[in-house]
Amino acid sequence: MLNVAIVGTGNISHNHIQGYLQFGQRCRIVALVDIYPEKAEEKKARYGLTEARVYESHRQMLAAETGIDIVDVCTPPYVHAEISIDALNAGCHVLCEKPMAASLEECDAMLAARQASGKTLSIIAQNRFTDAFWRLKAALDSGLAGRVCHAQVDSFWWRGHSYYDLWWRGTWEKEGGGCTLNHAVHHIDAIQWMLGFPSAVVAMMTNVAHDNAEVEDLSAAIFTYPSGALTQLTASVVHHGEDQKIIIQGDKARISAPWQAFASLSADNGFPQDTNDLSREAQLNAVFQETPKLAWTLHAGQINDLLQSIERGTAPLVDGLQGKRSLELITAIYKSAITRSVVSLPIGQDDPFYRTGGIGALAPRFYEKTASVANFSEAGAIPLGKDLDRGVSP
């Protein structure tokens, strides 16, 4: 039985707590930590966590608890590294919410602590644990779509004006960025998982609808790969309807989440024929539908993956290096938008954007943060985006 401590009991902690409770034979929550202890007490009561003790800081918890196996970090991003490193140094495994840290420098410090401790470090990327993305990757890996030419990634979300009134949101110092960092990270992780790491990035960003935030609420970026392929990514919290999607264009077929397979055939003059390549479409549909459904999805799926990695002594699907790669792409987007330049990857340790505080020191303040609400009322687990499993059969 693995003992779990949840550090940070805001809205996202619902998804984590509910995930662990599905594996009651393998783990139990024994500690809840929050700088507002009443929030931790509320979660304890809501979920019947009678064995859980409440603490006001992670250091207080680590000093008092001797049997913690997993520290689950659900705090604002600016303290992810500090808490994760302290937990790893104390001999605990760590599951850390996205984004991994506030800078690439902090990512490397977390990776060094993981290496020194020999413990597991996993970064939340719950969209990998959806049938839509799992099966899309299987279809891509089959090679039936051919060589990748282009990907379109629409990380479209919508957040009302008051979203940025929460005390830590909307500032470069505390949140670390806007929609690119805290919303598109899901899709950025997914596309780098599927297509690999780009060689260069160019981007622009703006704030068009949230004049109570320093950070961006809209960005557009293009990734280029050594193969010559391009990814076009839009990150937004101004899109009504939150129509999120990933579309991958191979030289033989188009595949996407939500799922669709489309394969054009060329006429002698190069224009598309009236009839598609129905055989290729059928093969792609077969790969997609025959890939087994995941037993556990989203946060529960990633928690199951973490538990298995600890139980079996294997690496988790989303380890610290994967978490850093996603943040490196986000850092490159910010650097390109701020400096108005094409950014080559990887980003070196001598780059000011690598260092903690580097982005915040150089980033524009689109608006002054005008409100600082300590806590919002809670309605349960926060929404995690549109259901991309449309078209996925049992």
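Looking at V94, V33, V73, can you tell me which residue is touching a Cys at 6+ places or on another chain (Cβ under 9 Å) and either surrounded by fewer than 21 Cβ atoms within 10 Å (Cβ to Cβ) or within 30 Å of G178 (Cβ to Cβ) (or both)?
It is V73.
Determine which member of the set Y367, Y334, Y354 is part of a loop (DSSP other than H, G, I, E, B), modelled with pLDDT of 95 or more and open to solvent by less than 30 Å² (accessible area, probe 1.4 Å).
Matching residue, one of Y367, Y334, Y354: Y354.
Tally time: how many residues in segment 115-152 are open to solvent by 20 Å² or more (accessible area, probe 1.4 Å), of a type in the set (A, V, I, L, M, F, W, C) and assigned to a loop (DSSP other than H, G, I, E, B)?
The qualifying residues number 1.
Only one of (1) at pLDDT 95 or above; (2) among the small types (G, A, S); (3) closer than 30 Å to Y225 by Cβ fails for G313. Which number is that?
Only one criterion is unmet by G313, namely (3).
Can you tell me how many residues within segment 1-52 are more than 23 Å from the chain's Cα centre (by Cα), farther than 21 Å from W167 by Cβ, not in a helix (DSSP H, G or I) and not charged (D, E, K, R)?
Summing the residues that are more than 23 Å from the chain's Cα centre (by Cα), farther than 21 Å from W167 by Cβ, not in a helix (DSSP H, G or I) and not charged (D, E, K, R) in segment 1-52 gives 14.
Residues A102, A125: which one is farther than 18 Å from A300 by Cα, in contact (Cβ under 8 Å) with a residue 24 or more places away in the chain and in contact with a Gly (Cβ under 9 Å, 6 or more places away or on another chain)?
A102
Can you tell me which residues in segment 280-294 are open to solvent by less than 60 Å² (accessible area, probe 1.4 Å) and touching a Ser or Thr at 6+ places or on another chain (Cβ under 7 Å)?
Across segment 280-294, the qualifying residue is only V287.
Could you list, ordered by first residue, the pairs with Cβ atoms under 7 Å in which the first is in segment 310-333 and acidic (D, E) and the second is not in a strand (DSSP E or B), at least 6 apart or interchain?
E328/L104; E328/L345; E328/P346; E328/I347
So which residues in segment 163-219 are open to solvent by less than 10 Å² (accessible area, probe 1.4 Å) and among the hydroxyl-bearing types (S, T, Y)?
Y164, T180, S219
The values are calculated or read from the model by the stated rules, or taken from the named source; none is laboratory data. Remember, it's a predicted structure, so these values are computed and weren't measured experimentally. Cβ atoms come from the backbone with ideal geometry, glycine included; neighbour counts cover every protein chain shown. Calculation scope for accessible area: heavy atoms of the full protein, side chains included, ligands and nucleic acids excluded. Shrake-Rupley method; radii C 1.70, N 1.55, O 1.52, S 1.80 Å.
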